[in-house]
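Just so you know, all these numbers are worked out from the coordinates, no wet-lab data involved. These figures come from a predicted structure and were not determined experimentally. Here the Cβ positions follow ideal geometry from the backbone for every residue, glycine too, while neighbour counts run over all protein chains shown.
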Amino acid sequence: MSNAGTQAIKVVVAKPGLDGHDRGAKVVARALRDAGMEVVYTGIYQTPESILRAVLQEDAAVLGLSSLSGAHMEYATELCQLLRDNGREDLLFLVGGTIPEDDAATLKEAGVDEVFGPGTRTEEIVEYIRTRVGAATQTAS
Amino acid sequence: MSTQAEIEALLAQHGNGAGWGPLARAITRVENSPPWDVALPVPERPVHIVGITGPPGVGKSTLTGRLIEAYAAVDARVAVLAIDPSSPITGGAVLGDRLRMETYLMGRDDVFVRSLASRGSHGAIASATRNVARLLELSDSFDVILIETVGAGQTEVAIAELADTIALVTVPGLGDAVQAIKAGLMEVADLIVVNQADRPGLRETVRHFRLTLGRDVQVATTVATEGTGVEGLREKLDERWASLGQNGGLAAVRARKRAREAALTAEAWTRALADELADETDDLHTAVKRILEEAARRWSA
Amino acid sequence: MERVTTDETLDAERIEKWRTERLSKDYERIPPRREQFTTLSGIPVDDVYTPEDVKDVDPARDIGLPGEYPFTRGPHASMYRGRPWTIRQVAGFGQAEDTNGRYKFLLAHGETGLSTDFDLPTLLGHDSDHPEFGREVGKIGVAVDTVVDAHVLFDGIPLEEVSTSLTINASAAVALAMYLIVGDERGIPGSKLTGTTQNDILKEYTAQNEFIFPPLQASQLVVDTMEYGAEVMPRFNPLNACGYHIRDAGATAVEEVGLTLAAALCYLELAKERGIEPDKLAPRVSFFWNVHNNFLEEIAKLRAARRLWARLTRERLGCTDPRSWLMRAHCQTSGVSLTAQQPLNNVARTAIQALAAVLGGTQSLHTNSLDEAFAIPSEEAIKVAVRTQQIILHETGAADVVDPFGGSYYVESLTCKIEEEARDLIHRIDEMGGMIAAIENGYANQLIADSAWEQQLALESNDRITVGVNDFVDDDTSLAGIELFKLDPGVGERQRKRLAEVKSSREERRVADALRALEVAAHDLHRNRMPFIEEAVRARATVGEICNVLRSVWGEYQPSTVF
């Protein structure tokens, strides 16, 4: 019987630092839930350490960082390092918010997998996650 | 590698100081396997498993957060399982409980919190949760395991029932919050916690529970937002654990719970089979006969 | 010349005839573009509006004349025929001198009032040397730790002539005291100072999340500032009740009005419980509205808000001073409506939204810059935003007549509808126990979250078109050569150094005494904390030190967990 031990894609959605604009993060969390994913929404005022802890303890496959306060570079690069130090380079790391193009390129060089700017459709994010995580699950089994 | 072997390997990694990662992955293995396929050994060192239940809006998450602080204050290592309902339509879930506990977790490396979505039937999630708790016991990394359920109703009762101690949280007033407590839950509670105890109606509420459940029922009163009474609650929980440890009390409780768990697991298995055979049903008696015959056939196969 | 006459009356029957004979024939040839037309609040929009639609509107009771109750047509009689709205662009980044430079740039280019954005640590009552939040110093607003920074911020600005809006909430009481003391230490009496502190803490719990303390205590602090302001800065508005953030968080126009007025009522009613008559404070309550995409709805919204507030203050609060009934408002064009895709389009969006604010009768206006979706405005972009307002004022004629949409069948009908629905929302909130209750039980947050979700669905199903995002899409990200603003990374270090200097040269004993006195005052919720905050600010206590005292007594509020 197939459906009794089900699987789901687990996503941590987090907002680092003092930025309180959570409309986007909450909309994305809702959309991911509607797409059948399990979303741990850590809320605002997170530190890189508390975000790392959530990722590790929840065994998340995806981390979505939302930042509209201009401090995305510092937080994201610090997280990339923490993830590497804790053996989670495999994590799909997405950043969303008001990110200029140049910064997006730098973020990807630092280890962020994708940057989603304002106006991104949630279905694009869902598809992206499904494709990337689905592929990872397949290669693992 | 079989699921069993994988889980053992991950527990070993965790035990060797590899941190939360392997433990979390072991939990995922348990989550992703049907509960009847998970056969974990009986832990040598049992850990107090406390179910924190009650209707929504009574401050369970805040109370759980405060309990974490209270346990940490006496150097007890705490693990928390927070169960949120999955959407029956999409299968997804927003696991918001961690968020509600976050302030009490800030800066702590030593508290383990895992959110679980209630995938599947109430029997399936109850046995899965109990298995995850069993895993946490086997890890030898914790002194107390708190299980907090967010939903209300059948699922909550099923999950809570399997804990060693069931704490039913409510608020003063004999209105909605008290009426909403499912009869099943009230009767199995080992301890009543009246939170928001600074609200009017405390005395009548405590009296109501004593009249309904017996004069000796354990009642704790707390104001979780301020932390008042939480130390007392922790003491009551520890006292209960200590008394269970004497005269085979714990063994008796666990035997009873294991029987319940077996029933729930069997129910989950049979339910999944029944769903599979759904299209072929005719009259009720024939349908039931067929399910049980197929069940016997498959299980012995 | 003979006039053509008719025996016809334009009544319901006639209009129905027109619909079946004329309109439906048009639709047979050319089907309507949509099955249903609605405003962004979901209010149905009919094909055309006629006298039938306004037959219950009483011109004297409901429309009136400008400058007279119920102020539908405007708070002042002459409006922009006399004095144009204030061009007030919000600005803030880096250290005080950086923002001071931007102020001077804006004033030189014709802006007529100042507005300050503060950085997140300052907004949330933390200092620039906070061990965790160092990387946020000066990023989205100016870093202000003590009154020394405030002096630098307003260096060379004639505060007795220029009004300033301080965009700050949780720590607004501190900012208010700073503004008073900067004036005072320059020899300008409080009675000459004009401007606002935003200070609408209730909307933080539902929309912007820049709160510190729990709602009740924080609201009492707001009452403190209002009472204090009435005494020592009688021309200053200590409260600027906000709909802007609620709207940008996803709420509809109706929700924007309802939630904002409910919050304003809450503060005045708390003050009443403290024995302060609403007439004492209401004249200095100002408002801050969003101007969003649906042009006509926004005009109607501003008119509806003015009329509803006038009625509420007069009938519900029992105010008898006409200045209490009179709503003065600042508007800002919607930030969330601007796109990262084809950013030059944002100039058009902002211009149209700004025009709606003017036609709706705003007293003060901020126009967003086209690079809003990426960063703090560059000088080039903010200049275009200022010019947009100047073009509206001088080239369009929109400012030459008061309330030109007055009497429009559609706009009057829509004004009534918005007023009615906002009133219903306020009533629902009343039934729950008021705005604080509606926050604590999650109602307000859920309302906004659901509206935000509804809009997302409309966008993703292409039910609503956002040009460049879900239609007319291309790769254009051109900013016409505008270079995005980049903050000097050395700001944090420099600010920490300055803070250390201030701390080393102040009188520690005086600071400690002031903070202790504040702590005592914080325990009695009905006691006004402002004199103690004022003393602490004078002694060069920091924003963080003052807020930490209040934190220790009132605690911190946990963010909403509603989706």
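Compute the relative contact order of the range C:115-228 as a whole-number percentage, counting only Cα pairs closer than 8 Å that sit 6 or more residues apart in sequence. Don't skip to the answer; put the middle values down first.
Details: 157 pairs, mean separation 29.7, N = 114.
Reported as a whole number, the value is 26 percent.
Out of residues 5 or more away from C:Val291 or on other chains, whose amide H comes under 5 Å of its own, with H placed 1.01 Å from N in the peptide plane?
Placed amide hydrogens put C:Gln332, C:Thr333, C:Ser334 under 5 Å from C:Val291.
Within the set of other residues whose C-beta is less than 11 Å from the C-beta of B:Gly15, count the net charge using Lys and Arg as +1 and Asp and Glu as -1. Mind showing how you got there, number by number?
On the way: positive: none; negative: B:Glu8, B:Asp140.
Net charge in that neighbourhood comes out at -2.
Please give the average number of partner chain Cβ atoms lying within 10 Å of the Cβ of each residue in A:39-51, rounded to a whole number.
Numbers: counts 9, 13, 9, 6, 11, 5, 10, 3, 4, 0, 4, 6, 0.
That works out to 6 on average.
If R0 is 35 Å, what FRET efficiency do you get for C:Tyr27 and C:Val473 from their C-beta distance, rounded to 0.05?
On the way: r = 30 Å, r/R0 = 0.85.
Rounded to the nearest 0.05, the efficiency is 0.75.
Give me the angle, in degrees from 0 to 90, between the Cα long axis of helix B:202-213 and the longest principal axis of the Cα atoms of chain B, rounded to the nearest 10.
40 degrees
Quick one: which residues, 5+ away or cross-chain, put their amide H under 5 Å from the amide H of C:His76? H built at 1.01 Å from N.
Amide H neighbours of C:His76, under 5 Å, 5+ apart: C:Gly67.
Where in the range C:537-555 does the label zone of C:Leu216 land, with the point 7 angstrom along Cα→C-beta and an amide N cut-off under 20 Å?
Output list for this probe position: C:550-555.
Can you work out ³J(HN,Hα) from phi for every residue in the range C:543-559, in order, using Karplus 6.51 cos²θ - 1.76 cosθ + 1.60 and θ = phi - 60°, giving whole Hz and x for Gly and Pro?
Rounded to whole hertz, the list is 4, x, 4, 5, 5, 5, 4, 5, 4, 5, 8, 9, x, 10, 8, 7, x.
Is the range C:464-508 best put as rounded, prolate or oblate by its Cα gyration tensor, with a ≥ b ≥ c the root eigenvalues, rounded for a/c under 1.5, and otherwise prolate when a/b is larger than b/c, oblate when not?
Values: a/c = 7.45, a/b = 3.38, b/c = 2.21.
Judged from the Cα gyration tensor, the range C:464-508 comes out prolate (a/c at least 1.5, a/b above b/c).
Under a crude label model (7 Å from the Cα following the beta-carbon direction), how far is C:Ser78 from A:Glu89 in nanometres?
7.3 nm
What does the charge count near C:Cys331 come to, summing +1 for each Lys or Arg and -1 for each Asp or Glu among other residues with Cβ under 12 Å from its Cβ?
Working: positive: C:Arg88, C:Arg247, C:Lys301, C:Arg328; negative: C:Glu256, C:Glu298.
For residues surrounding C:Cys331, the net value is +2.
Residue by residue through the range B:30-47, what is 3J(HN,Hα) from phi via Karplus (6.51 cos²θ - 1.76 cosθ + 1.60, θ = phi - 60°)? Round to whole Hz and write x for glycine and proline.
5, 4, 7, 9, x, x, 6, 8, 9, 10, 8, x, 6, x, 5, 10, x, 10
For B:Asp275 and C:Asp56, FRET efficiency with R0 = 60 Å and r from the beta-carbon atoms, rounded to 0.05? Can you show the working numbers first?
Values: r = 58 Å, r/R0 = 0.96.
E(calc), rounded to 0.05, equals 0.55.
What aspartates and glutamates sit close enough to B:Lys60 to cross-link, taking a C-alpha to C-alpha distance under 15 Å and skipping anything fewer than 8 places away on the same chain?
Result set, ordered by chain and number: B:Glu69, B:Asp84, B:Asp97, B:Glu102, B:Glu148, B:Glu156, B:Glu226.
With a point put 7 Å past each Cα toward its Cβ, work out how far B:Val217 is from B:Ala76 in nm, to one decimal.
Result for the modelled spin labels: 2.3 nm.
Amide H neighbours of B:Val144 under 5 Å, at least 5 residues apart or on other chains, H built in the peptide plane: list them.
B:Arg77, B:Ala79
For the range C:1-22, list residues with backbone N below 15 Å from a point placed 7 Å from the Cα of C:Val48 toward its Cβ?
C:9-22
Using helices alone, what [θ] at 222 nm do you get for chain C, with -39,500 (n - 2.57) per DSSP H run of 4 or more residues, divided over all residues and rounded to the nearest 500? Before the final figure, lay out each step's value.
Details: 22 runs with 255 residues, N = 563.
Calculated mean residue ellipticity at 222 nm is -14000 deg cm²/dmol.
Inverting the mean 1/r over all pairs of different Cα atoms, compute the Kirkwood radius of the protein assembly as shown and quote it in Å.
On the way: mean 1/r = 0.0322 Å⁻¹.
For the protein assembly as shown, the Kirkwood estimate is 31.0 Å.
As a test of the formula, what do you get for chain B when each DSSP H run with n ≥ 4 contributes -39,500 (n - 2.57) and the sum is divided by the residue count, at 222 nm and rounded to the nearest 500 deg cm²/dmol? Please list the in-between numbers first.
Numbers: 12 runs with 156 residues, N = 301.
Value at 222 nm, helices only, nearest 500: -16500 deg cm²/dmol.
Does chain C come out rounded, prolate or oblate, given a ≥ b ≥ c as the square roots of the eigenvalues of its C-alpha gyration tensor, rounded meaning a/c under 1.5 and, failing that, prolate meaning a/b above b/c? Intermediate results must be reported in sequence, preceding the final value.
Details: a/c = 1.87, a/b = 1.55, b/c = 1.20.
Because a/c hits 1.5 or more and a/b exceeds b/c, chain C counts as prolate.
Taking 0.36 nm per intervening residue step and subtracting the Cα-Cα distance, what contour gain separates C:Arg311 from C:Leu484 on full extension? List each step's numbers first, then the result.
Values: separation 173, 0.36 × 173 = 62.28 nm, distance 4.58 nm.
Residue separation times 0.36 nm, minus the Cα-Cα distance, leaves 57.7 nm.
Could you work out how far apart the two model spin labels at B:Glu235 and B:Asp109 are, taking each label as a point 7 Å from the Cα in the direction of the beta carbon, and quote it in nm?
Going from the B:Glu235 label point to the B:Asp109 one covers 3.3 nm.
Between A:Glu101 and C:Leu10, how high is the FRET efficiency from 1/(1 + (r/R0)^6) when r is the Cβ-Cβ distance and R₀ = 56 Å? Nearest 0.05.
On the way: r = 56 Å, r/R0 = 1.01.
E(calc), rounded to 0.05, equals 0.50.
Just to confirm my numbers, what's the Cα centroid distance between the range B:244-280 and the range C:25-79 in Å?
Going from one Cα centre to the other spans 65 Å.
Which of the lysines could be linked to C:Lys497 by a straight reach, that is with a Cα gap under 18 Å, when you skip same-chain ones fewer than 8 residues away?
Reachable lysines: C:Lys139.
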